[in-house]
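Reading through the structure tokens given below for one structure.
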Amino acid sequence: MMRFADKVSKMKTIAPIVAIMMALNSQVAIAHPSSNIDKYFAAIKSAQPLKIEAARKKYVVPNSSADVFTKMIINHFNGTEYLKILDIHGNVSPTAHDAPGKVSKSKGGVITLDSSFDTIDGSYKDFVLSKSKKISSFKVKTTNNKFISIKGNIKYLTINYNESGTEIKSGIHWKLPTNYSFIQVDFNNNFGGFKSWSYAKGYIRDASGVNHNVVTGPLGCTNTGGKTVIEATTSSVATIVKNTTSTFVIPFFLSCTGNNSNEIKVPFIVQ
């Protein structure tokens, strides 16, 4: 029979081993999601839609806030790639990816992104992960404002616009950490030849009937069959909330040269 003193001695020997094993297990649990986050931002940094879509499927919870956010990024880079094809005279060039961005990570785990998609540039932290270690949401700081979670602040839009060959059926609204609004709508040029838009003179009429001037982009030219995005950012706080209707007024042209002005008004409902 083991003496009491021997039991105590054995427990003292085992205790440090257990503590070490627990610490190792904890490190593995932390390293795995951190790796997924790093891979996710490496894909975003690439500015290549196919790589970002692959990362979305592997590292993001479906139908989560992070999923909508990632879809917004994919839409943007798909759109800018298309807009590189045509010049203002309608000449066609091979498509090309946007320039890759830069990603850095602090000792505290804050990730900073610098890309050609200015709206998403900033610092990211407090990633919320599922049991399968996929990203469902996170906090972001885009300027000198506070870190704000994307959860509840990024939503799909319901749109039903189809006139003269211009079709817009879907979009996304992101209430930025600044409290301003970013709108992205999916533009289809079904027929009608060259179409484009200006960066200035657009606005959003929010649910309370107030007009908010926006900067519109990305800029370029489309032709029949073309698909891209039209994006707008307010510089004031707009009332764009769930189950309400607002209108995106786009400074539109039936040309690539700024001629044949044809302003369009696109109502949308926040889902």
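The values are calculated or read from the model by the stated rules, or taken from the named source; none is laboratory data. Fair warning: this is a prediction, and the values are worked out from it, not measured in the lab. We place every Cβ from the backbone using ideal geometry, glycine too, and count neighbours over all the protein chains shown.
Residues checked against (1) assigned by TED's automatic domain parsing to the domain that holds residue 184; (2) part of a loop (DSSP other than H, G, I, E, B); (3) crowded, with 18+ Cβ neighbours inside 10 Å:
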| site | (1), (2), (3) |
| --- | --- |
| 52 | no, no, yes |
| 58 | no, no, no |
| 67 | no, no, yes |
| 104 | no, no, no |
| 116 | no, yes, no |
| 124 | no, no, yes |
| 131 | no, yes, no |
| 136 | no, no, yes |
Looking at region 122-136, can you tell me whether even one residue there is under 19 Å from residue 78 (Cα atoms), among the aliphatic types (A, V, I, L, M) and touching a Phe, Trp or Tyr at 6+ places or on another chain (Cβ under 8 Å)? no
Find the residue count for region 249-268, including only residues that are farther than 21 Å from residue 192 by Cα and buried (at least 16 other Cβ atoms within 10 Å of the Cβ). 1
For region 165-177, the count of residues that are touching a residue at least 40 places away in the same chain (Cβ under 8 Å) and exposed (fewer than 15 other Cβ atoms within 10 Å of the Cβ) equals 1
Test of understanding: among 88, 73, which residue is among the β-branched types (Val, Ile, Thr), crowded, with 17+ Cβ neighbours inside 10 Å and in contact (Cβ under 8 Å) with a residue 12 or more places away in the chain? 73
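Do any strands (runs of 3 or more DSSP E) lying entirely in region 156-271 carry at least 1 residues that are among the acidic types (Asp, Glu), and which ones are they?
166-175, 181-189, 226-234
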Select from region 138-155 the residues that are among the hydrophobic types (A, V, I, L, M, F, W, C) and part of a strand (DSSP E or B) and write down the one among them that is surrounded by the most Cβ atoms within 10 Å (Cβ to Cβ). 140
